[in-house]
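Quick note: the coordinates plus some simple rules give every number you see, no bench work behind them. Please read all numbers here as calculations on a predicted model, not as lab measurements. Reconstructed Cβ throughout: ideal geometry from the backbone, glycine too, with neighbour counts over all protein chains shown.
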């Protein structure tokens, strides 16, 4: 699995943990990581091999974006 969290921005504290919006870079869609419990909806992932973008939904799933 090849990915890196290239940016993260603290948004709030909840239940004693920092909630963040993250930007993830992956080699392939198969490399998308399981979302951490502190990653918020709206986090994004860029797939380097295809140029596709994915957004994290409120269920913790990465959804391919249309544009």
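Overview of results
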read-out	value
Condition check for residue 55: on the phi > 0 side of the Ramachandran plot and in contact with a strand residue (DSSP E or B) (Cβ under 9 Å, 6 or more places away or on another chain)	no
Strands (runs of 3 or more DSSP E) wholly inside the chain that include at least 3 residues being surrounded by 15 or more Cβ atoms within 10 Å (Cβ to Cβ) and in contact (Cβ under 8 Å) with a residue 12 or more places away in the chain	3-14, 17-26, 44-47, 53-56
